[in-house]
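Below is one structure; the comments refer to it alone.
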Amino acid sequence: MGNFFTAHEDLQIGIREDQKKAKTVDKTTIKKPQSLNQQALDRVLAQRRMEQMEIELRETLIYHSPPELGAVYTDFLAMRKVIQDEQEQARAEQDKIERQREWKRRQLIDSLQDKALYIAAVFFVVVYMMVFAYVLVLDRQTRWGF
């Protein structure tokens, strides 16, 4: 049973990571990404394997468990639903925190870019004024000699 749960969790994690990868485009990857057909086939096969594993678990818990355990499969399903809900909440909270962190990082970058633009504009105006003043001095010297 331990192998089942480990394999089942690995498949779920793999499917979740594939779904997350499918929602983003990674331009830094040097190797060629998988084709859409290959990704779809991998996902369908993994889901089918999970369904098959669940059927095997159900049959094992119902037909091969001792009678004194009672409705162990029903209890297992209820507990699994509770744990899945808790994990989904934790995952949603983690995603929310990650989105907030990314938003704050983007805000910081935007703020720094704005400040750099302001500094560049002020520098340009100051240099322009200095060149203008220098040209005025040169003009005064050429026209009036002092």
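Here's the picture: charge each Lys and Arg Cβ at +1 and each Asp and Glu Cβ at -1 in the chain, and of Ala7, Ser111, Leu136 the one pushed furthest to the positive end of that dipole is Leu136. Net charge in the neighbourhood of Ala40 (other residues with Cβ under 14 Å of its Cβ; Lys, Arg +1, Asp, Glu -1) is +1. Between Lys23 and Lys81, the C-beta separation translates, for a Förster distance of 25 Å, into a calculated FRET efficiency of about 0.45. Choose one of Val125, Thr74, Gly145: the residue whose Cα lies farthest towards the positive end of the charge dipole of the chain (beta-carbon charges +1 Lys, Arg; -1 Asp, Glu; about the Cα centre). Final value for the positive-end residue is Gly145. Mind checking which of Ile15, Ile109, Ile83 has the largest fluctuation in a GNM of the chain, springs on alpha carbons under 10 Å? Maximum fluctuation in the GNM of the chain, among the listed residues, is at Ile109.
Bridgeable aspartates and glutamates around Lys20 (alpha carbons under 12 Å apart, same-chain partners fewer than 8 residues away excluded): Asp95. Its Cα centre serving as origin, the chain has a Cβ charge dipole (Lys and Arg +1, Asp and Glu -1) of approximately 1220 debye.
For Leu57, neighbours were defined as the other residues whose beta-carbon sits under 14 Å from its Cβ, and their charges (Lys and Arg +1, Asp and Glu -1) total -3.
In this simple spin-label model, placing a label point 7 Å from the Cα along the Cα-to-Cβ direction at both His8 and Ile97 gives a separation of 2.7 nm.
Read the figures in this text as sums done on the coordinates, not as results from a lab. Note that the structure is predicted; figures quoted are calculated from it, not measured. Note: ideal-geometry Cβ built from the backbone for every residue, glycine included; neighbour counts use all protein chains shown.
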